[in-house]
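Report on the following structure.
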Amino acid sequence: MNGQRKRIGLLTGGGDCPGLNSVIRAVVKTAINIYGYEIIGFTDGYMGLVNNRFKKLTLSDVSGLLDKGGTILGTTDSFDPFNMTIDIDGEKQERDMSGRIVDNIKMHDIEALIVIGGINTITTGYRLSLLGVNVIAIPKNIDNDIPGTDATIGFISAVNTATEALDKLHSTAESHHRVMVLEVMGRRAGWVALESGIAGGADIILIPEIPYEINLIARRILERKKSGKNFSIVCVSEGCIPADKAKNADSPDDNCPKSMHNISSDIATELEKLTHLETRVTVLGYLQRGGEPSPSDRILTTRLGVEAVNMAAQGIYNKMAGISNNALCPIDLSEVAYKCKHVPVDGELVRIARNMGVSFGD
């Protein structure tokens, strides 16, 4: 560095979620106030690194960000610099642009790159580390499906949003004697549906890890009606699948649908035919990604942001700053990349939900 101040790169990648701005704030304040580092923020995730779009982040840039949703750096979803579509003489071609990222990092004299993102962002960071880039990852994902950490940034806030929706649906479902289906995010893992379903008193919870039988769900609803409960609440993870379409595979990832098509609408239509009860659907969608982070997420983002900078100061690279048993615990990127943390079907949360009378459609 020839006596220059240490310089750290920073980006947010993948889908947005509550807490991104607050973790940016934690990184910048720790880097500048404690270590005197410079922070170079790349805009729109890895796309900014490829195209060299950046800004130097100062303390004034992060002032007031603790409770703000979104990300001041911007982000891109499903962008892969190793397989980027570019225009060459009017023709679209796929090119590996990772070399340009390496060149830009060298040009800026960046010693470490902090990437805030989900599985795809961290996997790309891992691949860059194999090219010699010093990478530190911070886990962000409302789905909470990143291995190596108890919780990801944005998850608790998303669960709070879904739980509030379930609370509101209860009163209208009971008033109109209806079946209410709430669809939440979770393409590969059902953590949001499971935890919000338990917290919000859902009667049926459908998650990708447990293929469902629609007839069993209908039976459960009719049993409730027979016992005097004239309404039912169904919390559906967007990645849940019927048992007859589930593959005979060792991993739930093999059952993951390639595209989302509002599975809740299909479920509602079938349930209405089987039960002859009015069934209504609410899809939370991007409401789960927006808004201010919960107090728990604000604390988590601060812990992980500070830890990431401390790791950079100590030369601890190519790891993710995670939380294990409520303690900071860095983990190798190789243990995170390409993987997914699924809901254990025989785990405590599923067991207590069943004990409370919740049906998983199986």
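Nothing in this text is a laboratory measurement; each read-out follows from the coordinates by a stated rule. From a predicted model like this one, the values you see are computed outputs, not experimental measurements. Here Cβ is always computed from backbone atoms with ideal geometry, including for glycine, and neighbour counts include all displayed protein chains.
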Problem set entry | chymotrypsin sites (Phe, Trp or Tyr not before Pro) within the stretch 266-362: DSSP coil, no more than 14 neighbouring Cβ in 10 Å | Y338
Exercise. Given only helices, namely DSSP H runs of n ≥ 4 each adding -39500 (n - 2.57), what is the per-residue ellipticity at 222 nm of the chain, to the nearest 500 deg cm²/dmol?
Worked result: -11000 deg cm²/dmol
For this session: Between beta-carbons, use under 9 Å as the cut-off and find the net charge around R298, counting Lys and Arg +1, Asp and Glu -1.
Result: -3
For this session: Treat the count of other C-beta atoms within 10 Å as a stand-in for reagent exposure and order C340, C17, C235, C240 from fewest to most.
Result: C340, C240, C17, C235
Problem set entry | DSSP-defined beta bridges in the chain - what % are antiparallel, rounded to 5 | 30
Exercise. Using 1/(1 + (r/R0)^6) with R0 = 35 angstrom and r between the beta carbons of H177 and K245, what's the FRET efficiency to the nearest 0.05?
Worked result: 0.70
For this session: Can you put S175, S22 in order of Cβ neighbours within 10 angstrom, beginning with the fewest?
Result: S175, S22
Exercise. What list of ³J(HN,Hα) values in whole Hz, one per residue of the stretch 274-290 in order, does the Karplus curve 6.51 cos²θ - 1.76 cosθ + 1.60 (θ = phi - 60°) give from phi, with Gly and Pro shown as x?
Worked result: 7, 9, 6, 10, 4, 10, 10, 10, 10, 10, 5, x, 6, 4, 6, 8, x
Seminar exercise, completed: Expected sort for I86, I217, I210 with the fewest Cβ neighbours (10 Å cutoff) up front is I86, I210, I217
Seminar exercise, completed: Sorted by chain and then number, the residues having a modelled amide H within less than 5 Å of the amide H of E183, at least 5 places away or on another chain, are V236, T282, V283, L284
Problem set entry | Net +/- balance of residues flanking I316 in space, Cβ distance below 11 Å, scoring K and R +1, D and E -1 | -1
Problem set entry | Whole-Hz ³J(HN,Hα) from phi, Karplus 6.51 cos²θ - 1.76 cosθ + 1.60, for the stretch 149-159, glycine and proline x | 9, 5, 8, 10, 4, x, 5, 4, 4, 5, 5
Exercise. Taking amide hydrogens as modeled 1.01 Å from N in the peptide plane, which residues meet the under 5 Å criterion relative to I241, leaving out close sequence neighbours?
Worked result: Y212
Problem set entry | Relative contact order, percent, the stretch 89-210 [alpha-carbon distance under 8 Å, six or more residues apart] | 18
For this session: Under a cut-off of 18 Å between alpha-carbon atoms, report the aspartates and glutamates in cross-link reach of K168, not counting same-chain residues fewer than 8 places apart.
Result: E183, E195, D203, E278
Exercise. Amide H to amide H under 5 Å from Y37: which residues, 5+ apart in sequence or cross-chain, H placed 1.01 Å off N in plane?
Worked result: I32
For this session: Return the label of the correct value of Cα extents along the principal axes in Å, as calculated from the structure shown, out of (i) 78, 45, 34; (ii) 64, 61, 42; (iii) 59, 55, 38.
Result: (i)
For this session: Grab the beta carbon distance between N355 and I299, set R0 = 30 Å, and tell me the FRET efficiency rounded to 0.05.
Result: 0.50
Exercise. Using Cα pairs under 8 angstrom and six or more residues apart, how large is the relative contact order of the stretch 142-241, in percent?
Worked result: 34
Problem set entry | J(HN,Hα) series, the stretch 306-314, from Karplus relation 6.51 cos²θ - 1.76 cosθ + 1.60, nearest Hz, glycine and proline x | 5, 5, 4, 5, 4, 5, 5, 5, 8
Problem set entry | Mean separation of Cα contacts under 8 Å, 6 or more apart, over the residue count of the stretch 69-155: relative contact order % | 19
Exercise. Between the stretch 53-130 and the stretch 194-242, what's the alpha-carbon centroid distance in Å?
Worked result: 40
For this session: Report the FRET efficiency, 1/(1 + (r/R0)^6), for D167 and N215, where r is their Cβ-Cβ distance and R0 is 30 Å, rounded to 0.05.
Result: 0.55
